[in-house]
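Structure, as structure tokens:
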Amino acid sequence: MTVTVRFAPSPTGFLHVGNARVALLNWLYARAQGGRFVLRLDDTDAERSRPEYARAIGEDLSWLGLSWSGQVRQSERLDRHRAAEARLREAGRLYPCYETPEELELRRKLQLSRGRPPVYDRAALALDGVARARLESGGRRPHWRFLLDDRDAQWDDLVRGPCHYSARHLSDPVLVRADGTYLYTLPSVVDDIDLGITHVIRGDDHVTNTAVQIQVFEALGAPPCAFAHVALLTDATGQGLSKRLGSMSLRDLRDEGVEPETLVNFLATLGTSEAMGAVRSLDGLAAGFDFARIGRAQPRFDDAELRHANARYLHDMPFAAARPRLAALGLSDADEAFWLAVRPNLARLSEAVSWWAVCGDAIRPVIEDPAFTAAAAALLPPEPWDGTTWGVWTSAVRQATGRKGKDLFHPLRLALTGLDHGPELKGLLPLIGRERVLERLSGATKNGSSTSQVDSEGKNLLSLLKNP
Ligand code: GLU
């Protein structure tokens, strides 16, 4: 038996981190088992499903690095859903119901007030042909419920352990709406059977669906899959993440500079007893995948922690991995020395663009004390320069001027970069180069303008570079 899993989003919005976690767990399990990962688009809601969301789902999964070995759209499998409906009808497992939502709600409230479980009371089963005809001639169209066998639902959940639902607490699910369209319950089972899905890994908001879907599997002559229900994520404050609000969409995170590897590693360890260590490849994560490590409690998705993890990832990223990404940002000339100099300062990769400009473009040097910078300029060692040049130079400047600590370094940083913060100058100095360093120490820029104090323009530049 080849393990086959599916990720089944509805293309009614952008994927958020909660969806991504479910997709990832499916993918990792399939990979760990040498199995298949199928993308199933649950697009039966014609009004809310959009092709642009379907496209975005594919793009977002690819961005995460999650490839799929097949893709289906539920909307293209309607004939299979119809055939299953016919089979259930023939087997006497579907019965027509006429209650309006308001009537059902009233009954529910009544049951609750009497301390009974709010399950459907099967009143429609008692209707005879005459009663049904009267309702229909009054304009009511039936919806169709699946007649559950009177037995408890049980399965051994890969995450939640043994699950048991008493038959008393289960309502016959509505499978077919009055207009003939299907609710999620039936098409999902039909497609899982047809696609040979062996393991359904999904959010625990589907636990009650599973309790009834097991019987739908059986009524269609198929053994139910194995199930794993993972707890849904909350945000950092403990509130649920809502797809409709688009909160924490993968697009937003990508645009904010979160690297896919960071997100994948962050999500893979979320809700487990492990802390996120060094970033691993998807295969590395798959190798250690085990349902037993996934806890039942709702994990909190803390945005700030993700951003820290992202910064740590960038700080450790080797040049070979950074090179194509820098090229994509227009920095195809960036070399390893540049990368090693700036990476400890990055919260997101795109900030490298500003530091590239600081190294090579005309900047506005900020000169606080022209006599001091002139003295420093006179002591600049000859090229070639390397990582030791800064130390040699600043020792000489210290000796000559008597300045040390902040008094020594701060004015040099302002003159060389126009900024009061940034990567270590030891790394930047050789990248800026002697000619430009001399120019900047004299307060000059290539286009001739200069600033003698941290004036308002200088401050503007500071803020500009802080928020590229
Ligand atoms: N379209 C359903 C959802 O997004 C799929 C649930 C399932 O995995 O069966 O919730």
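The values are calculated or read from the model by the stated rules, or taken from the named source; none is laboratory data. Here the structure is a predicted model, which is why all the values come from computation and not from measurement. Don't worry about glycine lacking a Cβ; one is built from the backbone with ideal geometry, like all the others, and counts go over all protein chains shown. Side chains are part of the model used for accessible areas, which takes the heavy atoms of the whole protein and leaves out ligands, DNA and RNA. Shrake-Rupley method; radii C 1.70, N 1.55, O 1.52, S 1.80 Å.
General observations
- Among all residues of region 147-154, there is at least one that is within 36 Å of the chain's Cα centre (by Cα) and touching a residue at least 40 places away in the same chain (Cβ under 8 Å).
- Meets criteria (closer than 22 Å to residue 263 by Cβ and out of contact with any Phe, Trp or Tyr (no Cβ under 8 Å at 6 or more places or on another chain)) for residue 58: yes
- Selection count where residues are open to solvent by 20 Å² or more (accessible area, probe 1.4 Å) and either among the polar types (S, T, N, Q) or within 13 Å of the ligand (Cβ to nearest atom) (or both), scope region 215-229: 1
- Residue check, residue 106 of a type outside the set (Asp, Glu) and either more than 22 Å from residue 267 (Cβ to Cβ) or exposed (fewer than 13 other Cβ atoms within 10 Å of the Cβ) (or both): yes
- Selection count, region 317-354, where residues are open to solvent by less than 20 Å² (accessible area, probe 1.4 Å) and assigned to a helix (DSSP H, G or I): 8
- When the criteria are applied in full, residue 149 fails the requirement of being on the phi < 0 side of the Ramachandran plot and open to solvent by 80 Å² or more (accessible area, probe 1.4 Å).
- Search result, residues across region 31-47 that are modelled with pLDDT of 95 or more and more than 10 Å from the ligand (Cβ to nearest atom): 31, 32, 33, 34, 35, 36, 37, 38, 39
- Residues of region 275-316 that are open to solvent by less than 50 Å² (accessible area, probe 1.4 Å), touching a residue at least 40 places away in the same chain (Cβ under 8 Å) and in a helix (DSSP H, G or I): 282, 285, 286, 291, 303, 306, 309, 310, 313, 314.
- Filter result for residue 34 (surrounded by fewer than 23 Cβ atoms within 10 Å (Cβ to Cβ) and either of a type in the set (Val, Ile, Thr) or under 22 Å from residue 293 (Cα atoms) (or both)): yes
- Selected residue (criterion: most open to solvent (accessible area, probe 1.4 Å)) from residues of region 4-30 that are farther than 21 Å from residue 194 by Cα and away from the ligand (no atom under 11 Å from the Cβ): 14
- Scanning region 150-207 for residues that are of a type in the set (Val, Ile, Thr), within 17 Å of residue 82 (Cβ to Cβ) and within 14 Å of the ligand (Cβ to nearest atom) yields a total of 4.
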